[in-house]
Amino acid sequence: MKISLGAFALALAYTGHEVLAAKSNHVRGVSDADQALYQPDENGNWACLNHPDIILPMARINDDYCDCPDGSDEPGTSACPNGKFYCVNKGHVPGYIPSTRVNDGVCDYDICCDGSDEWTGIVKCENKCREFAADYAKKQAEVRRIQVSGWNARVKLVTKAAAIRQALQKELSQLENQIAVSEARVVKAREDLKLAEIQSSSRVGTKGSPLLGRVKARIDEYQKAVAALTHRIRTLETRLAQAQDILQKLNEEYNPNYNDEGVKAAVKAYQEFKESDSGDEDYYRQYIDINEADDDELFSEEQIDIDPDIVEYDSYLPLQWRLWIHDQKTKLREFLIEHGLLADRKPSGETAGVANAKKERDAAERQNNELKSKRENVSKDLAADFGDDDVFRALSGDCMDIESGEFTYQMCFNDKITQKGKSGGPITLGNFDKIEGNKIYFAHGVKCWNGPNRSAIAEMQCGEKNKILSVSEPAMCEYFFKIVTPALCTTPPETDTTPKDEL
């Protein structure tokens, strides 16, 4: 059997490695933190990490044959396609490389800057970790500078967002107060209109006017009489209660066998009670003794010289009752007209009072609706999700552009994304929909020809300023933007993360 020179070199290198591994008990391709997972049991055996039912002798670890389904027995060779090799990269950042790239004759400096992945010597990979570490330190310093600058910018955005929210909350409170006043104005304007319509529809005859004046005067007399009687009743009720107390006391303290002091006190109190009568019977009598004959004379047929249909007696009722009666009459009239029981006669015209009342009502309702619309918009704005700390609220209206191919794209935070060619106006790719994590979604854009409505997603990462990095169209009329913004920056680390030179 012939053995190739490459295979012989591999076997030789592997044999030498195993001798060293046996002496140092260090498993190639495994980090120092995971070396404890590769220690033998009391019998000198070892179990696959994710399949403990498979027991192997320690000699079969890194023997260039895959025994474990999870590839854990070959961390330092390419035998298992699902394995991974640990690159120490001393002095730089450690890394893991797929086992398929171990000893493939390629120096994978992007992950293993120390060249440890090509340990058989098929190709010699120099240790470039010092060079890579210096470049990495520069990049990390730039990343940290951007983080610090972006974080400082974000702090200002959060402060601005808080001020905007506070202003909106104040505006909402003011709108609530204004709406309360406005609604009261609307109620009054509607009542005034009804009153104007009632007054406009009232038709009182000239001969009836003096009589109605006398009727009103008579009603005033009755009202005074009722008030006087009410006061008299309350006074008598109070005196009756006092008399009952006196009699009760006499009943409780009276002793017929003695000249009881309780009786004397009760008798004296009763005498004082009788003497306390104000004697103002004549005062009440002047209102109570109303000659009913006056009513007969007042409402005699000889003096009624007007058409009863002309007199609007509801004008003497309280305003609340008059408005209620007016509503009921209106509803009844509409019902009769709707069912064909009454002809629909259009009014010949309206008085200046009714016209002015209508204008006032319309103005009051219009103002009230405008205030409610503003309140709805402010409430919706306050309830909207603008990311952590409300930070994107401060970016509302901020726009950024990028030229890509023959188009210019513009994205405006919390608004929309547009596309504009060298000729023609801009096309809306999507309107602001929502913010989820590090993505902004834009939906309901202009409909594509023979396709769906346009939409877009903007993926964000930390940056000093708002900037569009790239734009693509992964699917028909679906656009993908990569942007940087201070809104996505987090608190920069306090410690210096630059790797130390341990080469």
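The number of residues in the range 121-160 that are surrounded by 18 or more Cβ atoms within 10 Å (Cβ to Cβ) and among the polar types (S, T, N, Q) comes to 2. Only one entry of LEU56, LEU49 meets the criterion of being more than 28 Å from PRO493 (Cβ to Cβ), hydrophobic (A, V, I, L, M, F, W, C) and not in a loop (DSSP other than H, G, I, E, B), and that entry is LEU56. If the condition is being under 14 Å from GLN419 (Cβ atoms) and in a strand (DSSP E or B), then the range 454-476 contributes SER455, ALA456, ALA458, ILE468, VAL471, SER472, GLU473. Among the residues of the range 481-503, those that are β-branched (Val, Ile, Thr) and either surrounded by 14 or more Cβ atoms within 10 Å (Cβ to Cβ) or modelled with pLDDT under 70 (or both) comprise ILE483, VAL484, THR485, THR495, THR497, THR498.
Look at the range 167-192: where a residue is on the phi < 0 side of the Ramachandran plot and a partner is among the hydroxyl-bearing types (Ser, Thr, Tyr), sitting 6+ places away or on another chain with Cβ atoms under 7 Å, you get LEU172/SER379.
The one condition from (1) free of Cβ contacts under 8 Å to residues at least 60 places away in the same chain; (2) within 20 Å of THR159 (Cα to Cα); (3) within 15 Å of the chain's Cα centre (by Cα) that PHE413 does not meet is (3). For the range 261-268, the condition holds for at least one residue, the condition being that it is among the β-branched types (Val, Ile, Thr) and modelled with pLDDT under 70.
Filtering the range 86-112 to residues that are within 17 Å of HIS26 (Cβ to Cβ), under 51 Å from the mean Cα position of the chain (by Cα) and surrounded by fewer than 19 Cβ atoms within 10 Å (Cβ to Cβ) leaves VAL88, PRO94.
The values are calculated or read from the model by the stated rules, or taken from the named source; none is laboratory data. Everything numeric here is computed off the predicted structure, so don't read it as measured data. Positions of Cβ are generated from backbone atoms using ideal geometry, with glycine treated the same way; all protein chains shown enter the neighbour counts.
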